[in-house]
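Working notes, structure below.
Rule-based calculations on the coordinates, nothing more; no lab input. Because the structure is a prediction, the values reported are computed rather than measured. Cβ placement follows ideal geometry from the backbone for every residue including glycine, while neighbour counts extend to all protein chains displayed.
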Amino acid sequence: MRVHILGIDLAKNVFQLHGVDERGHVVLTKRVPRGRLREVVAQVPPCVIGLEACRGAHHWARQFAHLGHTVKLMSPRFVKPYVKTNKNDRQDAAGICEAVSRPSMRFVPVKTVHQQDIQASHRCRSLLMKTRTALINQIRGLLAEYGVVIAPTPGKVRAILPTLLEDEHEHLTPLAKATFRALYEHLLDLEQRIEQIDERLGQLFTEHPMCQKIAAVPGIGPLTATALVAAIPAPQLFRNGRHLAAWLGLVPRQQSSGERVVLRGISKRGNRYVRTLLIHGARAVVSRAEGKRDPQSRWMSELKQRSGTAVAAVALANKNARVVWALLAHDDVYRRAA
């Protein structure tokens, strides 16, 4: 029997395959090691392959697409309800095969290698930023034990720490100075690596016309623009701008029943990194809207007075996501309202 839908449970070394025919009858159940997965899938006639959007999923999706298959990625959260009885690799693969056949299923777009290059740079930068913050907090905490208090900003730490290492500080022993000197050198190394990534992303921003188009929107800079390009493979995958905003988790989370409609905070689904960048950029715009007379600034100022800065920032981030979709979907340029 010919395989119509093939569900593959991805793993580190051993993969589970579950295939069904057009009537839904099981025709293939097989465990395959990593080294033979592409070979085995190549022997299957072109069909629909379902994968969970986890580590390595985009790589395998591109590999299977080159073999002529139609590959669809799904969020593991949407696949879980289709897993029957106990959880194991066979049941997971069967659940994936069942979920991918649902007409109402929402799929994850497959990233290109170029998009993954950009995303990898952003992920590396995010990791270095977290490490730098942890290192600064460690330095400040240790110095506080010696009676030295520094403000929690990278600039203050960079300015004050060298003077403490050079001066004959009464509370810092030679051993303590050696410890803080090593931490200071580590901090400088981290900041140098962050600057190198920022330069690469800045060069990418100047060379990519789509990034330049997105960055014209207030609240979106080079960092957010490149992150959006890496996250959104094609605007046609979304029916409208609201769907993009919902995909980024910038819409209210609804808990309604009957005629009782309850809207809570934003859903926070989708790409948390891109959502954070959009909200931070919007917060900067909202903070500078006071006193301006253009329609958007007046709208932000009124919303800020009614609901607070956080709500106004999220509302602007939602609006910017919709504008970004319109610019990309219609190949248009941003025009500020007069």
Discussion item. I'd like the distance between the alpha-carbon centres of segment 113-172 and segment 185-229, rounded to an integer number of Å.
Written reply: 21
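If you stretched the chain out fully between Glu22 and Leu165, how much longer would it get, using 0.36 nm times the residue separation minus the C-alpha to C-alpha distance?
44.2 nm
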Worksheet item: Which ³J(HN,Hα) values, rounded to whole Hz and listed in residue order, are derived for segment 88-105 from phi using the Karplus coefficients 6.51, -1.76 and 1.60 in 6.51 cos²θ - 1.76 cosθ + 1.60 with θ = phi - 60°, glycine and proline given as x?
Response: 7, 4, 5, 5, 5, 5, 5, x, 5, 4, 6, 5, 5, 7, 6, x, 8, 5
Worksheet item: Amide H neighbours of Ile266 under 5 Å, counting only residues 5+ apart in sequence or on other chains, H built in-plane at 1.01 Å?
Response: Arg253
Discussion item. I'd like the Karplus ³J(HN,Hα) series for segment 67-83: coefficients 6.51, -1.76, 1.60, θ = phi - 60°, whole numbers in Hz, and an x wherever there's a Gly or Pro.
Written reply: 7, x, 8, 9, 9, 10, 9, 10, 5, x, 5, 7, 7, 3, x, 8, 7
Discussion item. Output needed for the chain: three equivalent-ellipsoid semi-axes, defined as square roots of 5 times the C-alpha gyration tensor eigenvalues, in descending order, whole Å.
Written reply: 44, 30, 20
Discussion item. Run the numbers for Arg2 and Ala216: contour at 0.36 nm per residue of separation, minus the present Cα-Cα distance, in nm.
Written reply: 71.9 nm
Discussion item. Can you compute the modelled spin-label distance between Glu185 and Arg34, with each label point 7 Å from Cα toward Cβ, in nm?
Written reply: 3.6
Fill in: Cut-off under 5 Å, modelled amide H: who pairs with Ile49 long-range
Leu6, Thr70, Val71, Lys72
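Counting other Cβ atoms within 10 Å, keep those with at most 16, restrict to DSSP loop, and tell me which GluC sites (Glu not before Pro) in segment 166-247 are left.
Answer in residue order: Glu168, Glu170.
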Worksheet, complete the sentence: quick note, the chain, DSSP beta bridge pairs, % antiparallel (nearest 5) is 65
Discussion item. If I model a spin label at Arg288 and Ile150 as a point 7 Å from the Cα along the Cα→Cβ vector, what separation in nanometres do I get?
Written reply: 2.9
Worksheet item: If R0 is 41 Å, what FRET efficiency do you get for Arg253 and Glu302 from their C-beta distance, rounded to 0.05?
Response: 0.95
Discussion item. Could you work out [θ]222 nm for the chain from helices alone, using -39500 (n - 2.57) per DSSP H run of at least four and dividing by all its residues? Round to the nearest 500 deg cm²/dmol.
Written reply: -17500 deg cm²/dmol
Practice prompt. Mind checking the full-extension length gain between Arg55 and Val14? Use 0.36 nm per residue of separation minus the Cα-Cα distance, one decimal, nm.
Written response: 13.4 nm
Discussion item. Given a 10 angstrom Cα cut-off, can you work out which residue in Val262, Val27, Val157 is the most mobile in a GNM of the chain?
Written reply: Val262
Item to complete: With springs connecting C-alpha atoms under 10 Å apart, model the chain as a Gaussian network and identify which of Asn240, Asn320, Asn137 has the largest mean-square fluctuation.
Response: Asn137
